[in-house]
Every structure is written in C-alpha cells, then in structure tokens.
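See structure below.
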Amino acid sequence: MHHLRKIWAIMAKDLAVELRTREVLGAMFVFALLVIFIFNFAFELRVEDQRTLAPGVLWVAITFAGMLGLSRSFIREKDRGSLEGLLLAPVDRGVIFLGKMLGNALFIAVIALIILPAFVILFNLSAAVMPQLAMIAVLGTIGLSGVGTLFSAMAVHTRAREILLPVLLFPLIVPVILSAVKLSAAVIDNVPFAEVQQWLSLLVVFDIVFAVLSFLFFDYVVEE
Amino acid sequence: MIEIKGLIKAFGSRLVLRGITLHVDAGEFVTLVGPNGAGKTTLIRILATLSRPSAGRVLLGGCDLNEDPMVVRRMIGLVSHRTLLYDDLSGEQNLLFYAQLYDVARPKTRAEELLRQVGLWGRQHDPVSTYSRGMQQRLAIARALLHNPPVLLLDEPDTGLDRQAAATLGALLRQTDLGQRTVLMTTHNLEYAAAWGERVAILVNGQIAFQTNRSETDLTTLRAQYDHYASPA
C-alpha cells in the first residue's frame, strides 16, 4: 500500500502536469490521427483490400505517437530540474519507474483508444472489432511503455536524446509490434483465437519480462 | 552531523574532489565558497545522494551514504540554484506531491504552514511559472523543509536573485528554525557566506584550502584569504 500510494502520486502528478499544459497528449493525438489518414489515403490509390494493411497502420500510429510521449516523459523532468527532486526523495527507484511507466502507459492507451473509432471508419471495419482491438492496444501499450520508460530515462542524459530514443527502442519492441499486429489482424479477419494464441502469449510474456527487467535496471540508469 | 573523510570524486580521469575531509557539528551553519569548478556542487550532490563518491567515506547523522541512502534522503533537504519544482503545478500542488513522497503526516496542514512561513500563502493556487525567481526560491525552501529534515544542503541558493530577493532569502534561512538544523551552503558570494555561516570554508581545486570561524574573521580578511587561495597563481 505504501509503495502503491507513491506510484499513484507520481502518475497523478504527470497527469496533472499534462492536464495543465496539454503539451504531450494533444501532439500525440494529432500525430496518430495524421499517420492513419496519410496511410489510408496513400494505400487507397494502389491497394485493393486496405483491410490487409490496417493492423500495421494502427500499430505504426500507436508506436510513433507513443514515442512522442515517451521521449517527453523524462525530458520534461530533466529540463525543469524536477528529476533530481524525484531522485532525492526517500522512494525506491523502482517506485519512480513504475509511476512514470504507468503514466506513460495511460497516455499511450488514451491515444490508442481515441484513434480507434477513426481507424475503424477510415478502413471500413465493423465497429464490433473495437472492444477486442482496444484490449490488444492496452496490452501492447504496457509493453511499449515498460521498455520505453527505461530507455527514455537512459536517453535523457545524452545530447541526441530525442533521436536516440527511437534508435534504441524500435529494435527491442519488435516482438510487441509483431504480436500486436498479428492479434489485430486476427480480430479484423475474424480468425479463431486458437490460431493466434501464441501471439497473445508472446505479448503477455514480453510485457511481464520487460517490465520486470526495466524495473530492476532503472536504478542503474538514473545513477550518475 | 556531517562527517566527510578523504572524499574523492572523479569523472573518468578528471579528479573533481581530491580528498575532502570536513566535519560539521549538529546545528552548525557552514558555508563553502570557491571559484567555478572548485567542486562545490559535486560535493553537495554527493551529500544529497545524487552522485556516488569514487572513494572516501561520508556519514550523515552516523549513516553511511553508500550503505543507507534511503535513510540519508529522509535526513536531508536540498535547495539548489534549480528549484526542483514543477512550474506547471501550483505552489500547493508541488508541496502536496512531495509530501506524499516523503510520507508527511497531515500534508495539507504542513503545506499551509510552510507556505505561510515563506510568505506565499495567497498565491498557493497559482502555477509556479507565474512566481518571480525569488518566490520560486522561497517555495524551494518550503519544499526542502517539508519533511522537517535535520540537515539542509544549500547549493548556491542565491543564484539569479537580486540583492533584495537574496536578503529576503537570507532572512528566511535564519528565521526557519535553522538553529536546530545543520546547514551546509555553497555560494560564490563572500558577503553572504560571511553573514549567514558560522564557519566559512574555501574550496579550491577539489580541496578545502582554508576554513575559519566567523567570529574569528571579518569580510575584508575573508576576501583577502579567498583571493590568496582561489586566485590562479
């Protein structure tokens, strides 16, 4: 309970800052929507069945928009000096990690859920797929934000921090994107769950393993 | 209260602190002056557990910094030239957030008490970004005192303040029950060092070059000593 309160405090603080500035969520939303629009228009010209590409487009939009949020997560703390305030507190570094990670996951999940209706409309999908896509989005978001939060904290100490984050992160999150795309495709094509169960397992295992590893390594990353 | 023995800090091959030994008694106010690059901020960062020493031993209230950083963090309050505040949040929101991290009992009451003490009650709901530099620094002091730490570390708290704001800060530092706290402050300003501290130490090139009690010196003598030790040969 003691740790949970602090995790909640850090997450709520990030949310309060965001509600006041609307710096990150707005940019993430517009960017994700633009990606979906651009791909939709681009594929309309040559591709016969856009539905085959739809899962990939959705996850490109979520990943790229998520990258915007993740990169700002620690840059904001570092530039304002508040990162030292956090590290100075008698709080386990893992607690700080979890607070930041859950904040990031919340932002990415909110964007994913907001763009889903636009995605469904633009790619002529049935609205019935939305709840399942939303569940996959939440699972994928946890994987993205787990590793992403760790690498965001790592990149923030470097000069080319905004460039470095995607370079470090993209290769690592391939399993998340791959399994999320496979699962989304299965939902859109109405494939029986048993056929894609291994992708769901991969996604869940990735979420757990990388969240735990990131939790353990966070202390070393923020140490001077 | 603060016991530093043979403290060394190196960044790669560059030695920043070269074997500092310093003892600060409980309740004592010690100021540390020195030119840029002398190692003042590095020393404060190590004491604040934000940086690890390369060698040597540092004890705060008998606790080893390396062995028990969590206990040490509860014992210190840090005010640096950066406020460590969230400027998009209000003064009160900042204090309430940090109060949760420090497990402060009755956080609302404590925040109000401190905001009144630093003269910011009335502006508590305004975003910190609308505060003047002096007001932000007063809020930073409130943040540092939130959990009532026995040790206060001040890293150039007067940076960016005009004379009037610095004088207000000095008065505030003297009024906030500092008699009961141990204070280690770094500054470039000899006048403040002599006026606020009970003991002044001169840090040059990562070493304590000279230290004296305020009662045994005056500002002119201190300036002469500083020029002697800190001026390049």
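Nothing in this text is a laboratory measurement; each read-out follows from the coordinates by a stated rule. This is a predicted model, so every value here is computed, not measured. With ideal geometry, Cβ positions are generated from the backbone for all residues, glycine too; neighbour counts draw on all protein chains shown.
Computed about its Cα centre, the charge dipole of region B:109-170 is approximately 140 debye, with only Lys, Arg, Asp and Glu carrying charge at their Cβ. Between A:F97, A:F41, A:F151, the Gaussian network model of chain A with springs among Cα atoms under 10 angstrom shows the greatest mean-square fluctuation at A:F41. For region B:63-173, the relative contact order comes to 39 percent (Cα pairs under 8 Å, sequence separation of at least 6). Averaging the sequence gap over all C-alpha pairs within less than 8 Å and six or more residues apart, then dividing by the number of residues, gives chain B a relative contact order of 28 percent. Once backbone amide H atoms are built at 1.01 Å from N, B:S80 has B:D155 as its partners under 5 Å, excluding neighbours fewer than 5 places away on the same chain.
Lys and Arg at +1, Asp and Glu at -1: add these up for the other residues within a Cβ distance under 13 Å of B:S215 and post the number.
On the way: positive: B:R199, B:R214; negative: B:E28, B:E198, B:E216, B:D218.
For residues surrounding B:S215, the net value is -2.
Protection proxy ranking of A:59-70, B:16-27, B:109-120, by the mean of other Cβ atoms within 10 Å over each peptide's residues and highest first, is A:59-70, B:109-120, B:16-27. Mean partner shielding of peptide B:99-106, defined as the number of other chain Cβ atoms within 10 Å of each residue Cβ, is 4.
A simple spin-label model places the labels of B:T212 and B:K108 5.3 nm from each other, with each point 7 Å out along Cα-to-Cβ. Magnitude of the charge dipole for region B:126-212, about its Cα centre and with charges confined to Cβ atoms of Lys, Arg (+1) and Asp, Glu (-1), is about 120 debye. Under 5 Å from the amide H of B:F29 lie the amide H atoms of B:V183, B:E198, B:R199, each residue being 5 or more positions distant or on a separate chain, with H modelled from the backbone and absent for Pro and chain starts.
Extending 7 Å from Cα along the Cβ direction at A:L34 and again at B:A224 yields two label points whose distance is 6.7 nm. Close amide-amide hydrogen proximity is noted between B:F210 and B:I202, each under 5 Å apart and 5 or more residues distant or on a separate chain (H modeled in the peptide plane; Pro and chain starts excluded).
Given the pairs A:K13/A:K182; A:K78/B:K9; A:K100/B:K5; A:K13/A:K78; B:K40/B:K108, which are separated by over 25 angstrom at their Cα positions? Working shown, then result.
Details: A:K13/A:K182 35 Å; A:K78/B:K9 23 Å; A:K100/B:K5 37 Å; A:K13/A:K78 15 Å; B:K40/B:K108 35 Å.
Violating the 25 Å limit, Cα to Cα: A:K13/A:K182; A:K100/B:K5; B:K40/B:K108.
Please get the size of the charge dipole for the protein assembly as shown, origin at its Cα centre, with Cβ charges of +1 on Lys and Arg and -1 on Asp and Glu, quoted in debye to the nearest 20.
Values: 41 positive and 40 negative charges, 82 e Å.
Roughly 400 debye for the protein assembly as shown.
Derived scalar couplings between HN and Hα for region A:102-116 equal 5, x, 4, 4, 4, 4, 5, 5, 4, 4, 4, 6, 6, 7, 4 Hz in order, rounded to whole Hz, by the Karplus curve 6.51 cos²θ - 1.76 cosθ + 1.60 (θ = phi - 60°), x for Gly and Pro.
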